[in-house]
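What follows is a single structure, written as structure tokens, with notes after it.
The values are calculated or read from the model by the stated rules, or taken from the named source; none is laboratory data. All values derive from a computational prediction rather than experimental measurement. Here the Cβ positions follow ideal geometry from the backbone for every residue, glycine too, while neighbour counts run over all protein chains shown.
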Amino acid sequence: MLNPRQIEAFRTVIVTGGVTAAARALNITQPAVTRLVQDLQYALGLTLFERRGNRLVPTNEALSLYREVERQFVGLDRIHSAARSLRDGLSGSLRIAALPAFSIGFLPQLTGEYLKEKPGLELALYGSISSQVAEWVASGFCDLGFAQLPLDFPSVEVELLPAVAAVAVMPAGHRLAARDSLVPEDFVGEAFVSLEQTTQLRYRIDAIFATARIARETRIETPLSMIACSLVAAGAGVSIVDPFTAQEYRGRGIELRPFEPQIRFHIGVVWPAGRGRSALALGFADKIRAAVTRFAESGSLQG
């Protein structure tokens, strides 16, 4: 049976270049180092060192064995380093899911900032529809998620974030850009790029236009606000989208204006029900909560 102390002595002799230096590094006597190495040679049936003058020179077999040993020691060093980083809250892993409106620009920017604060953090970021976000969190595939509300999904807990208002978007230089804000009547005669009927925001937009008895000239439908913004920038029409996506596309061929009456866009933090929340996940949620609060209060969507 191999003795870990023998392996350590062998490695130290290779690293330090001799028995004397190895003895100092291990804080044991030179004869003790020599005995450990000899015992290892006997156990392995290999000649690990040859004496040349006053020096011990590793054999080819010793150098090959050292490469295998070093992999193990590097692994142990990484474990020790990882444990220290975990203890200090500087590393770990975090898997996050978010709806597309959140994951296109707003969330990645904040994620980048968080990674700078946690240099040892390994992070995965996934984007999908809100129901999929909830499923990933409930199954344990992701540690937390961000989804549009309301969300009726078992095995998750939802923390409401400050609501923000949907905005009207139009091509740069469009006539509606002269208005400070837009109402349903402003869309009469305008080609409209609509979100699909499967989206929650589409239901709310439809309800407001139905109440105002305004018919839109829908030319294109898409499930994603980012596609709607790209189409608007290309001159395909005007639209109403979530403010996170609109802000990301601002200055890229579109302009945004507040829309009245307000359509509140609600996002929540999705947590797995009945399971613990890591310090990393809680810290990340705190960062996002503060950023959404600033976003909702800043009024940066105007203009």
Checklist outcome for this item: The number of residues in the stretch 202-223 that are assigned to a helix (DSSP H, G or I) and among the acidic types (Asp, Glu) is 1
Item to check | Single condition Met226 does not satisfy, out of (1) part of a helix (DSSP H, G or I); (2) out of contact with any Ser or Thr (no Cβ under 6 Å at 6 or more places or on another chain); (3) under 30 Å from Ser139 (Cβ atoms) | outcome: (2)
Next on the checklist: Among the residues of the stretch 7-46, what is the count of those that are surrounded by fewer than 14 Cβ atoms within 10 Å (Cβ to Cβ), under 17 Å from Glu68 (Cβ atoms) and β-branched (Val, Ile, Thr)?
Outcome noted: 1
Checklist entry - Which fully enclosed strands (runs of 3 or more DSSP E) of the stretch 113-169 have 1 or more residues being more than 21 Å from Gly274 (Cβ to Cβ) and touching a residue at least 24 places away in the same chain (Cβ under 8 Å)? => result 120-127, 144-148
Checklist entry - On the given criteria, is Val183 among the β-branched types (Val, Ile, Thr), at pLDDT 95 or above, in contact with a helix residue (DSSP H, G or I) (Cβ under 8 Å, 6 or more places away or on another chain) and farther than 30 Å from Phe284 by Cα? => result no
Checklist entry - Just checking, which of Glu248, Glu297, Glu217, Glu255 is surrounded by fewer than 18 Cβ atoms within 10 Å (Cβ to Cβ) and in contact with a helix residue (DSSP H, G or I) (Cβ under 9 Å, 6 or more places away or on another chain)? => result Glu217
Next on the checklist: Can you find a residue that is exposed (fewer than 15 other Cβ atoms within 10 Å of the Cβ) and farther than 22 Å from Ala178 by Cβ anywhere in the stretch 258-267?
Outcome noted: yes
Next on the checklist: Residues that are on the phi < 0 side of the Ramachandran plot, within 31 Å of the chain's Cα centre (by Cα) and part of a helix (DSSP H, G or I): does the stretch 187-201 have at least one?
Outcome noted: yes
Checklist entry - With respect to Phe265, is the statement that it is modelled with pLDDT under 90, under 30 Å from Leu94 (Cα atoms), in contact with an Asp or Glu (Cβ under 8 Å, 6 or more places away or on another chain) and not hydroxyl-bearing (Ser, Thr, Tyr) true? => result yes
Checklist entry - Out of (1) crowded, with 20+ Cβ neighbours inside 10 Å; (2) at pLDDT below 95; (3) not acidic (Asp, Glu), the odd one out for Arg95 is which? => result (1)
